[in-house]
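*Asks:* Sharing a structure below in structure tokens format, with a few things to ask.
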Amino acid sequence: MGLGIYVKDVRRDELEYIGDDAEDSFGAMCRRAPETSLRRGVMQYGQTMFNSYQLYRFVEELEALPPSEVTPKIQQVLDGARRAIRKSGYLYFVGD
């Protein structure tokens, strides 16, 4: 099934659901990330939540990816992270 990503507002109401693509491009990108990155902290078989403060760094990490590595799904997650920041919200990741 892969990762499910929920964009939530400050009250933790769901704004958007993003499921990883068939190639697991977002999950694979997280697993390849440096150990000190927030991306590496996304649990593939558990739950991870980033608050709006953490999302600023997460967005910086995604924006720093080479354009050739940014799949449509990674772009969708980046857009969702920006939306969560605007709403003082969260990204909530749920692994299989």
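*Asks:* May I ask you to list pairs of residues, at least six apart or on different chains, whose Cβ atoms are under 9 Å apart, with the first in region 34-48 being closer than 17 Å to GLU63 by Cβ and the second being in a loop (DSSP other than H, G, I, E, B) and hydroxyl-bearing (Ser, Thr, Tyr)?
*Replies:* Cβ pairs passing all conditions: none.
*Asks:* Sort out for me the helices (runs of 4 or more DSSP H) sitting completely within region 7-96 that have 1 or more residues that are within 12 Å of the chain's Cα centre (by Cα) and aromatic (Phe, Trp, Tyr).
*Replies:* Numbers: elements: 25-32, 52-63, 72-86.
Fully inside region 7-96 and qualifying: 25-32, 52-63.
*Asks:* When you check SER37 against the structure, is it among the small types (Gly, Ala, Ser), farther than 11 Å from VAL77 by Cα and either exposed (fewer than 15 other Cβ atoms within 10 Å of the Cβ) or in contact with a Gly (Cβ under 8 Å, 6 or more places away or on another chain) (or both), yes or no? Please lay out each step first, then the result.
*Replies:* Values: among the small types (Gly, Ala, Ser): yes; farther than 11 Å from VAL77 by Cα: yes; either exposed (fewer than 15 other Cβ atoms within 10 Å of the Cβ) or in contact with a Gly (Cβ under 8 Å, 6 or more places away or on another chain) (or both): no.
When the stated conditions are applied, SER37 does not pass them.
*Asks:* Which number in (1) closer than 14 Å to LEU91 by Cα; (2) free of Cβ contacts under 8 Å to residues at least 60 places away in the same chain marks the one condition that MET29 misses?
*Replies:* (1)
*Asks:* Hey, does region 15-31 have a residue that's over 17 Å from GLY4 (Cα atoms), at pLDDT 95 or above and surrounded by 15 or more Cβ atoms within 10 Å (Cβ to Cβ)?
*Replies:* No, there is no match, as no residue in region 15-31 is over 17 Å from GLY4 (Cα atoms), at pLDDT 95 or above and surrounded by 15 or more Cβ atoms within 10 Å (Cβ to Cβ).
*Asks:* Applying the selection to region 82-92, what residues are in contact (Cβ under 8 Å) with a residue 60 or more places away in the chain and either of a type in the set (A, V, I, L, M, F, W, C) or surrounded by fewer than 12 Cβ atoms within 10 Å (Cβ to Cβ) (or both)? Spell out how you get there, then give the answer.
*Replies:* Restricting attention to region 82-92, the residues satisfying the condition of being in contact (Cβ under 8 Å) with a residue 60 or more places away in the chain are 83-84, 87-92.
ALA84, LEU91 - these are the residues of region 82-92 that are in contact (Cβ under 8 Å) with a residue 60 or more places away in the chain and either of a type in the set (A, V, I, L, M, F, W, C) or surrounded by fewer than 12 Cβ atoms within 10 Å (Cβ to Cβ) (or both).
*Asks:* Sticking with this structure for a sec: Taking into account only those residues within region 45-78 that are of a type in the set (Asp, Glu) and exposed (fewer than 14 other Cβ atoms within 10 Å of the Cβ), which is nearest to ASP9 (Cα to Cα)?
*Replies:* Let us first name the residues in region 45-78 that are of a type in the set (Asp, Glu), namely 60-61, 63, 69.
Subset that is exposed (fewer than 14 other Cβ atoms within 10 Å of the Cβ): 60, 63, 69.
Working: GLU60: 20, GLU63: 22, GLU69: 28 Å.
Selected residue: GLU60.
The values are calculated or read from the model by the stated rules, or taken from the named source; none is laboratory data. All values derive from a computational prediction rather than experimental measurement. With ideal geometry, Cβ positions are generated from the backbone for all residues, glycine too; neighbour counts draw on all protein chains shown.
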